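Values quoted throughout were computed directly from the atomic coordinates according to the rules given, and no laboratory measurement underlies them. Treat the numbers as computed from the prediction; the structure is a model and nothing was measured. Counting neighbours? That spans all protein chains shown, and the Cβs are built from the backbone with ideal geometry, glycine included.
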Amino acid sequence: MKKIVNPWKGMPGYHCFGCAPGNAAGVKMEFYEDGDAIVSVWHPEPQYQGWLNTLHGGIQSVLLDEICGWVVFRKLQTAGVTSKMETRFMKEVSTNEPYLLLKARLMEQRRNLALVEACLYNAEGILCTKTVCTYFTFPKEKAHAEMCFVSCDTEAGEYDLKAGRFVKREAL
């Protein structure tokens, strides 16, 4: 898997709840490209529970919406906004899980609309929550002018799930 470089990291005023590493209240997601999928490994914490030891459904929706957005950034090399999100909660998600695995992929693109499917799995690999997001995508000029988006690149390396960290690999 290749780590996706956050193009906004370090930008003044950047406080995205989903992906800004400096937002103390945020979920601080990081993303990886694995073939046609975008992947994120996220570690739940007690402050995100809705019920005792249960991850709040709104936080699950944030995680899924955010990874769908990163599919648009990386795979379509533009920015956009969510216009519709259909989510199915199939199994409760414990805040005691060592990690959650999220995977998303582009299902379809029609003009300025992108349909993205995302799934949230617990550490045992059980599908807990699934969504389909419809994204309204911007022309590249608008993405640059309004969202400061230039490109979404990757760096080589591997994510070690057991160690819970990304290991950079030097180019051969």
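For the reader, a short list of remarks on this structure follows.
- Loop-resident sites, segment 1-86, for trypsin sites (Lys or Arg not before Pro), counting at most 16 other Cβ within 10 Å (DSSP): 9, 28
- Hz values of 3J(HN,Hα) by residue in segment 76-82 - Karplus curve (6.51, -1.76, 1.60), Gly and Pro given as x: 9, 6, 8, 10, x, 9, 6
- Volume per residue of the C-alpha convex hull in the chain, rounded to whole Å³: 123 Å³
- For the chain, with +1 on Lys and Arg beta carbons and -1 on Asp and Glu, the positive-most of 18, 99, 167 along the dipole: 18
- A Cβ-based charge dipole, computed about the Cα centre of segment 38-172 with Lys and Arg at +1 and Asp and Glu at -1, lands at about 400 debye.
- Unsatisfied cross-links (Cα-Cα over 23 Å) in the set 75/140; 3/91; 103/142; 28/75; 84/130: 3/91; 103/142
- Take every Cα pair under 8 Å whose residues are at least 6 apart in sequence, average their separation, divide by the length of the chain, and the relative contact order is 25 percent.
- Annotation for residue 56 and residue 34: the two label points, set 7 Å from Cα along the Cα-Cβ direction, are 2.8 nm apart.
- Relative contact order for segment 27-89, counting Cα pairs under 8 Å that sit 6 or more residues apart, in percent: 24 percent
- The fewest-to-most ranking of 70, 8 by surrounding Cβ atoms within 10 Å reads 8, 70.
- Inter-centroid distance (Cα atoms) of segment 1-55 relative to segment 107-152, Å: 14 Å
- For the peptides 40-49, 144-153, the ranking by mean Cβ contacts within 10 Å, running from highest to lowest, is 40-49, 144-153.
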